Amino acid sequence: MRKDFDQLNYYEMLDIKPDAVPYEIRHAYNAALQLYQPGSLVSYSFFSDGERRAILSLVEKAYQTLINDQSRKDYDATLISRGEIEARDESAPDLKKPVSVFHISRGPAARTVFISSDALKNKISQSRIITDILAQSELSGEDLKQIRTELGLTIEHIAEETKIRVNNIRSIEEGQAEQMPPAVFLKGFVKSYLKCLGLDSVEELSARYMNTVSRPK
Amino acid sequence: MAHVWPIGGGKGGSGKSFITSSLGRLSAELGKKTLIIDLDLGAANLHTLVGVPDPQKGFSDFIRKKIPLLEDTVVETPSANLFLISGAHDNFDIANLSYEQKIRTLRAIAKLDFDRILLDLGAGTSFNTLDFFLISQNGIFITTPEPTSVENVYRLIRSIYFRRIRYCFNVTEFKELEVEADRQFGDGSFNRPDSLMKVISRTHPEKYTQLNIEFDAFRFKLIINQVRKHDNAALGLQMCRMMDKHLGLNMEFLGNVAYDEHVHDAICQQVSFLERYPYTKTATDLREIGKQIVESAGRQLTLRYM
Ligand SMILES: Nc1ncnc2c1ncn2[C@@H]1O[C@H](COP(=O)(O)OP(=O)(O)O)[C@@H](O)[C@H]1O
Ligand SMILES: [Mg+2]
């Protein structure tokens, strides 16, 4: 048995780390609402009305406390004194300085992290184009590019997330055997690429791609 | 000893039998000697889904002691490596197995010589169904993205949890726990495993620890079937999160299986959906899940407490 919900601290309630930036707090709050709102399929029949109300009001309290710099500072202080979290590292950006927070949440590296895979998976299952592509027996570089574009992801984003070089991603999408990295690397690259798009069945899709591109046209 | 995968969950029609037969086929194709057992007695149709329209023997012969050994009720299917114990011709419910019959069945299943054994348990939550879930760490729960089906899965999981707790105590002790839970947490809470556990943590700390170890060992899995384009694709992960956070139970999300009209077509034509429509999203989803299952190992918990 874990702790009861009302025994969790606000970070635990929202499933975030104590150093979460405001963007993450807002995101986690919305995710929690999705779970606990009346009418949510996820928690259907899971709680009595009373339990649900109690949880929602705690979630609200957690959000309001953490989203406001001053109240969060005060709250952190009580957690630190209870030994539940550690005092923030000196070198970490001071939450009181709006500039540094701004900097973190807007930096390109940080931004990419926030395209949640849940959102991607939803897009994938709702896109006719992507579903059709995935239902084919072949999977070409052109198909991959189409899926990526459909999801609104840039090559640079993929490169950033997967650490695959941009020109390698291009050659995967162009499907030109001569320009591609050697097969041993290629397979791994393709898998990370597919994973980064938020696709399931990565093994099978990468095999499909490998078969498609190696077949003489 | 074989890996046993009890499969159950959402209400009738959610796809338990279709998925059991598909996973059985995949496991067989991947080289595992695989047995599927139809324990959804009274609503048995696994035999139809694996191309054995009129099985000559089955589970009822074992129960009626017409065939003394469970292994002798196994029939072949047209697919290599895939075997079946049919539930056809059974007109009783699994709920009506006597204690003695149940124990005899569980013992016999544990002794069968197969690599993988999949049990289609149907939709019930009778004590017998719960006990079949409790013989393995690897129970698989199947639901569709509909409130009725989700509700049934949650109910089933709570019942299994509850049943496991029940095994730790004798009748008098358990009565006391129920009364105490009712006193502390109010109406109906003796029905809630999490309330009971709270009481146990105070009244029987050693048993509490032991039960927690047991629950931590479960590797339940969740599959969302018949997922349509506009459904929330994250439902499965979110349900797992709910169970972890509010029941303290591990549940692993195995994946979504897309809805596809061709499933109906394949069943009507009595052909294997996976063979007939291999490039559909649904087939890909099934293969991905099949692979995870075939590769993963799990410990049996068989009968230790029954
Ligand atoms: N992924 C799916 N896509 C479309 N139809 C499905 C799917 N899974 C199951 N079905 C349909 O649901 C019906 C009921 O499935 P079945 O496996 O018999 O359910 P259960 O055993 O849970 O009662 C099947 O006959 C089939 O037509
Ligand atoms: Mg069935």
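For residues that are of a type in the set (Val, Ile, Thr) and more than 10 Å from ligand 1 (Cβ to nearest atom), tally how many sit in region B:276-290.
Quick first cut of region B:276-290, residues of a type in the set (Val, Ile, Thr) only: B:280, B:282, B:284, B:289.
This time we only want the ones that are more than 10 Å from ligand 1 (Cβ to nearest atom), so: B:284, B:289.
Summing the residues that are of a type in the set (Val, Ile, Thr) and more than 10 Å from ligand 1 (Cβ to nearest atom) in region B:276-290 gives 2.
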What helices (runs of 4 or more DSSP H) completely inside region B:1-86 contain at least 1 residues that are within 14 Å of ligand 2 (Cβ to nearest atom) and in contact (Cβ under 8 Å) with a residue 40 or more places away in the chain? B:16-29, B:46-49
From A:Glu86, A:Glu60, A:Glu12, which residue is of a type outside the set (Gly, Ala, Ser) and either in contact with a Cys (Cβ under 6 Å, 6 or more places away or on another chain) or under 21 Å from B:Cys240 (Cβ atoms) (or both)? A:Glu12
What single numbered condition from (1) at pLDDT below 85; (2) aromatic (Phe, Trp, Tyr); (3) buried (at least 17 other Cβ atoms within 10 Å of the Cβ) fails to hold for A:Phe189? (1)
Any idea which of (1) within 14 Å of another protein chain (Cβ to nearest Cβ); (2) out of contact with any Ser or Thr (no Cβ under 6 Å at 6 or more places or on another chain); (3) within 16 Å of ligand 1 (Cβ to nearest atom) is the one B:Leu30 doesn't satisfy? (3)
Those residues that are facing chain B (nearest Cβ under 9 Å), small (Gly, Ala, Ser) and not in a loop (DSSP other than H, G, I, E, B), I need them from region A:111-170; list them, please. A:Ser117, A:Ala119, A:Ser125
Search result, residues across region B:142-164 that are under 15 Å from B:Leu222 (Cα atoms), hydrophobic (A, V, I, L, M, F, W, C) and within 14 Å of chain A (Cβ to nearest Cβ): B:Val150, B:Val153, B:Leu156, B:Ile157
Say whether the condition of being within 24 Å of B:Ile160 (Cβ to Cβ), at pLDDT 95 or above, away from ligand 1 (no atom under 15 Å from the Cβ) and not basic (Lys, Arg) is met by at least one residue in region B:3-19. no
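Select from region B:263-275 the residues that are exposed (fewer than 14 other Cβ atoms within 10 Å of the Cβ) and not acidic (Asp, Glu) and write down the one among them that is nearest to the other protein chains (Cβ to nearest Cβ).
Among those that are exposed (fewer than 14 other Cβ atoms within 10 Å of the Cβ) and not acidic (Asp, Glu), it is B:His264.
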Just checking: which of the helices (runs of 4 or more DSSP H) contained wholly in region B:169-285 hold 1 or more residues that are more than 30 Å from B:Ser21 (Cα to Cα)? B:171-185, B:193-203, B:205-217, B:235-247
If the requirement is being more than 25 Å from B:Tyr259 (Cα to Cα), crowded, with 20+ Cβ neighbours inside 10 Å and among the aliphatic types (A, V, I, L, M), which of these qualifies: B:Ile7, B:Ile103, B:Ile85? B:Ile85
Answer from B:Leu211, B:Leu196, B:Leu222, B:Leu249 - the residue that is closer than 29 Å to A:Leu134 by Cβ, within 13 Å of chain A (Cβ to nearest Cβ) and buried (at least 21 other Cβ atoms within 10 Å of the Cβ): B:Leu222
Mind checking which pairs have a first residue in region B:110-123 that is away from every other protein chain (no Cβ under 14 Å) and a second that is within 16 Å of ligand 1 (Cβ to nearest atom) and aromatic (Phe, Trp, Tyr), Cβ under 9 Å, 6 or more apart or different chains? B:Arg116/B:Trp5; B:Ile117/B:Trp5; B:Leu118/B:Trp5; B:Leu119/B:Trp5; B:Leu119/B:Phe132; B:Leu119/B:Phe133; B:Leu121/B:Phe132; B:Leu121/B:Phe133
Scanning region B:182-227 residue by residue, those at pLDDT 90 or above and closer than 30 Å to B:Leu286 by Cβ turn out to be B:Phe220, B:Lys221, B:Leu222, B:Ile223, B:Ile224, B:Asn225, B:Gln226, B:Val227
Taking the condition within 16 Å of ligand 1 (Cβ to nearest atom) and within 14 Å of chain A (Cβ to nearest Cβ), does B:Thr129 pass? no
Inspect region B:165-172 for any residue being more than 16 Å from ligand 1 (Cβ to nearest atom), closer than 30 Å to B:Asp231 by Cα and within 14 Å of another protein chain (Cβ to nearest Cβ) and give the result as yes or no. no
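The values are calculated or read from the model by the stated rules, or taken from the named source; none is laboratory data. Keep in mind that this is a model prediction, so the values were computed, not measured. A quick note on method: Cβ atoms are made from the backbone with ideal geometry, for glycine too, and the neighbour counts reach across all protein chains shown.
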